[in-house]
1. Provide the FRET efficiency to the nearest 0.05 for the B:Met205-A:Leu144 pair, computing r from the beta carbons and using R0 = 45 Å.
2. Run the simple label-point estimate for A:Asp323 and B:His74 please: 7 Å along Cα→C-beta, distance reported in nm.
3. Towards the positive end of the charge dipole of the protein assembly as shown, with charges on Cβ (+1 Lys, Arg; -1 Asp, Glu), say which of B:Ile79, A:Leu331, A:Ile67 has the farthest Cα.
4. Just the Cα atoms of segment A:188-288: what Rg and Dmax do they give in Å?
5. How big is the Kirkwood radius of chain A, worked out from every pair of different alpha carbons and given in Å to one decimal?
6. Out of segment B:124-179, which trypsin sites (Lys or Arg not before Pro) are coil in DSSP terms and have no more than 11 other C-beta atoms within 10 Å?
7. Between A:Phe57 and A:Met28, what's the calculated FRET efficiency when r is the beta-carbon distance and R0 is 35 Å? Round to 0.05.
8. Taking the Cα atoms of segment A:74-282, what is the range of coordinates along each of the three principal axes, in descending order and whole Å?
Amino acid sequence: MVFSAKRYSRRGYDVSEELNLRDQGAAMWESWNRPKRVAFAIGVIFLVALLPYAADFSITSVLNTPITSYQSVLVYPVGMFVLMALGLNIVVGKSGMLDLGYVAFFAIGAYTQGILGTKTGLSTWEILPIGTFLAMLSGLLLGLPTLRLRGDYLAIVTLGFGEIVRLVALNSRETGGPNGITGIPNPTPLFGQRFTLDNPKAYFWIVLVMILLVIWMIRRLSVRRPGRAWEAIRQDEDVASLMGVPTLKYKLWSFSIGASIGGAAGVLYASKIMVIAPDMFTLNVSILILACVVFGGMGNIWGVVLGATLLAYLPERIRFITDARQLVFGLTLVVVMNVRPDGLLPRKKREKIAVKDKE
Amino acid sequence: MNFAVLADQFWALTLTGISLGLIYVLVSLGYTMVYGVLRLINFANSEIFMVGTFATVIMSTGVFGYDINSETLHGAKLIFTMLACLIASMLLSGVAAVLVEIVAYRRLRAMGTNRLASLISAIGVSIVMSEGMRILTHSRPRSSPRLLEKWSFGEIAGANFRIDTVLVIVSSLILFFALDRFVSKSRLGKAIRAVSMSEETSKLMGINLNRVISATFLIGGLLTGAAAFFYTTVYEMTKYNVGFNLGLAAFTAAVLGGIGNIRGAFFGGLTLGLIEQFASAILGSQWKAITVFVVLVTVLLFKPNGIFGEAIQQTRV
């Protein structure tokens, strides 16, 4: 283990004992040239793509999850949670708005797939852009009046929106009421892969492609105008606005991009699970995804990926202690937040204090 | 849409709305007091409420040994038992609230970290509490024995003044005004207000921050515990997740009135209780929650800090 040199945070809290994986990783990445980076990225993507086979060997069979098969767990919850946590990270981590109703966009995507998939002949791949667009539109419509609110007021309004979407689904005839929608068609084959119940690998790969696209998009946006605007808004909205950043516009951007990712995840989820019901879209899901973001390290893509993977995988892995599963989950949240309040892999500190004894 | 109901039962609905609203007021005070000093949503408050309901049930069944088939009590015995239950509920909730502060907030506050970390740690504590209770009670609801015979004082304009409704209204009002006086007049109350204005300055003025914050959690917990007792007296049952919906409603009430503002919480709670009653009568109870949130969003659109909102310059993640 390598510890970074002695540093003090702004409030005088000693952070020298913190294992700073994030900064070391970033330093290593920056020291590489382009071919090296590309080779590394391809290697990592290749390894991750092989994950469905990871539990096949006798040594690695500890990865296997009881009750649900390991490969299915990789798709839902792990893959889906990573995808949604990345989407929520744009809203919470990048631009600093607390959204407690993220599940609403997931639900909108899932119900789009549910209704269009059963009522029309459209395939999942045709519904995917529609669901994404509808989620984005709802994010825009919710954001327009509410993004003027700050902090906790925004939190309660988004929370309310999440509940409204669930209750509308519960009480409307078109959405099947409390029974939800059954018989949602699976996606049509793509690149020779059939999307059936006994082939979760195909879903995993398609989720992986979506995750990679989202990561690529976030990384590009982060270094461009929207990313800088979000960073400014997160640090101080008034100052950002004084400096000429159109804050409402970029907050809307952030909100609707986050929403569209949730919607895309919802479409794919409904298509895999084939049955959706309002019970799947409760406030708990929103809180869980927010926990993924904060647990892993707000604002840092890799932290969020790690946090979501752990928080999605662990409850499935410890399903054998069925009764105390959630209890252990809660305890983990408390302990980790108290030990590493910035998350497992925190974002890079902008205002770093020059380290002298690190030659 | 059923407006005939509204004309028929207007006063009955108003009365139940007020009594429900006052329970919301007490719980939302738990949220709003903590928010005032820490600028944080205490997500575990709904679980503190749950602890209070169980304290009431345990007191009447476990300690006094009454069960569902027990006769209702009368006279001094009734008053003594009810008071004992109320105090047990308040104390246990108060202790739970102080423990929540120590476990979920204190260390993080000392480190001066981002607010979301505290939020997640409070959510963690809340999960631990409700799941712990779920395991202890095997997910089964517990019913509370009926100690108070629910006789009626009489009807005025269709509103039935039942003893439990009157009890809730009168005692909540007493508690609320006692709190209001306490916060505006007493030494500790002044300290709490000072901390909610500026943490740094009050520290410089020699206020012991940790003690004031603990006291705030304690007071919030005591009031939430009282609400839990009234809730159990009226609805006569509890469950491990009883706090979830009620906590959500109480938090909405606090925001509606302007979070951090004690009198705002009063009006927020009452408004919410009335809206819920009227909405379920007119639109049907399944649209109750939606109406509440639509009203909330509309109010926030025109008054972004709630009806009686303080002028918070900035509160962000």
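Each reported figure results from applying straightforward, stated rules to the coordinates on display, with no laboratory input. This structure is a prediction, so every number in the text was calculated from the model and none was measured. A quick note on method: Cβ atoms are made from the backbone with ideal geometry, for glycine too, and the neighbour counts reach across all protein chains shown.
1. Working: r = 43 Å, r/R0 = 0.97.
For B:Met205 and A:Leu144, the calculated efficiency is 0.55.
2. 4.4
3. A:Leu331
4. That works out to 18.1, 56 Å for Rg and Dmax.
5. Numbers: mean 1/r = 0.0465 Å⁻¹.
It is 21.5 Å.
6. Values: sites: B:Arg134, B:Arg142, B:Arg146, B:Lys150, B:Arg162; in loops: B:Arg146, B:Lys150.
Listed in order of number, the matching sites amount to none.
7. Values: r = 29 Å, r/R0 = 0.83.
Efficiency, from the Cβ-Cβ distance: 0.75.
8. 54, 38, 25
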